[in-house]
Amino acid sequence: MNTIEVIREFFGWCSIINIGLFLLAMIKLTLFRGPITSIHASIFNLDENDLYRAYYQFLAQYKIAILVFCVIPYFALRIMS
């Protein structure tokens, strides 16, 4: 049942869903930067500059994870078949 086509389709949908979540997180952090930063600063007792760095580091690591675990396997299976 697990043919290359099924696995390729799985990685394709996994890529689409994760890219959508990444874009949603990026849009939310861009549009609501002030309220989110003030809430997180008060909860975690951090400086706003540290939070901005943490936000961008989160987005960068999530983007790399999407590429490594979803997009690249999808294209590798696409090339194989």
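Pairs only if they're at least six apart or on different chains, beta carbon under 8 angstrom, first in region 53-65 and closer than 16 Å to ILE17 by Cα and modelled with pLDDT of 95 or more, second in a helix (DSSP H, G or I) and not polar (S, T, N, Q); list them, first residue then second.
LEU59/PHE22; LEU59/ALA25; LEU59/MET26; LEU59/LEU29; TYR62/PHE22; TYR62/ALA25; LYS63/PHE22
Report, by residue number, each residue of region 1-35 that is assigned to a helix (DSSP H, G or I) and more than 30 Å from ASP50 (Cα to Cα).
ILE4, GLU5, VAL6, ILE7, ARG8, GLU9, PHE10, PHE11, GLY12, TRP13, CYS14, ILE16, listed by residue number.
Which of the residues belonging to region 1-28 are of a type in the set (Phe, Trp, Tyr) and in contact (Cβ under 8 Å) with a residue 40 or more places away in the chain?
PHE11, PHE22
Which number in (1) part of a helix (DSSP H, G or I); (2) in contact with a helix residue (DSSP H, G or I) (Cβ under 8 Å, 6 or more places away or on another chain) marks the one condition that LEU46 misses?
Here LEU46 meets the rest and fails (1).
Inside region 31-46, can you point out the residues that are surrounded by 11 or more Cβ atoms within 10 Å (Cβ to Cβ) and not aromatic (Phe, Trp, Tyr)?
ARG33, ILE36, THR37, SER38, ILE39, HIS40, ALA41, LEU46 - these are the residues of region 31-46 that are surrounded by 11 or more Cβ atoms within 10 Å (Cβ to Cβ) and not aromatic (Phe, Trp, Tyr).
The values are calculated or read from the model by the stated rules, or taken from the named source; none is laboratory data. Just so it is clear, the model here is predicted, and its values are computed rather than measured. FYI the Cβ positions are ideal-geometry reconstructions off the backbone, even for glycines, and counts take in every protein chain you see.
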